[in-house]
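Encoded as structure tokens, the structure appears first; notes follow it.
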Amino acid sequence: MQFIRKNNKNEQNTKCKKCKKTTNKLHNTCWNCHLKNEMKKLIIREIGRTKRWDQNYKSATTYNDFSKLITTSTTEEKLKKVYKKGALKLHPNKGGNSENFVKFKNLYNKKLTNF
């Protein structure tokens, strides 16, 4: 048995809320406006991530803090910045634990080879 769909005038003549172009049947926005909205959402998410990363960077003092920062670093500049600060805090000559420093250095080298 085939289902026959009635053509409704409202479905075919819908227009985008923002740009007033005709849209696909049931949608309220055209494809261009939809993509713009999605890009805005992605940019807002990325800004939130960078703000949280910066806050964590400022407050980092232990091996666990620095290891989280290295794993979440998205650019090579950030990675080097974290390594420099972490090396100064965790180095055995500066009062840190030698085992944690070696782990930290290995983690940095692994992440650096991925870039």
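Every number in this text was worked out from the coordinates using simple rules, so none of it is lab data. Since the model is a prediction, treat every value here as computed from it, not as a measurement. No Cβ is skipped: glycine too gets one built from the backbone with ideal geometry, and neighbour counts run over all protein chains shown.
Of note:
- Within segment 49-83, the set of residues being more than 11 Å from Tyr108 (Cα to Cα) and assigned to a loop (DSSP other than H, G, I, E, B) comprises Ala60, Thr61, Thr62, Thr74, Thr75.
- Looking only at segment 85-115, and only at residues there that are over 21 Å from Lys51 (Cβ atoms) and of a type in the set (D, E, K, R), the one that is surrounded by the most Cβ atoms within 10 Å (Cβ to Cβ): Lys89
- Search result, residues across segment 84-98 that are assigned to a helix (DSSP H, G or I) and not polar (S, T, N, Q): Lys84, Lys85, Gly86, Ala87, Leu88, Lys89, Leu90, Pro92, Lys94
- Long-range neighbours under 9 Å by Cβ, at least six apart or interchain, first residue under 12 Å from Lys18 (Cβ atoms) within segment 28-45, second acidic (Asp, Glu) and part of a helix (DSSP H, G or I): none
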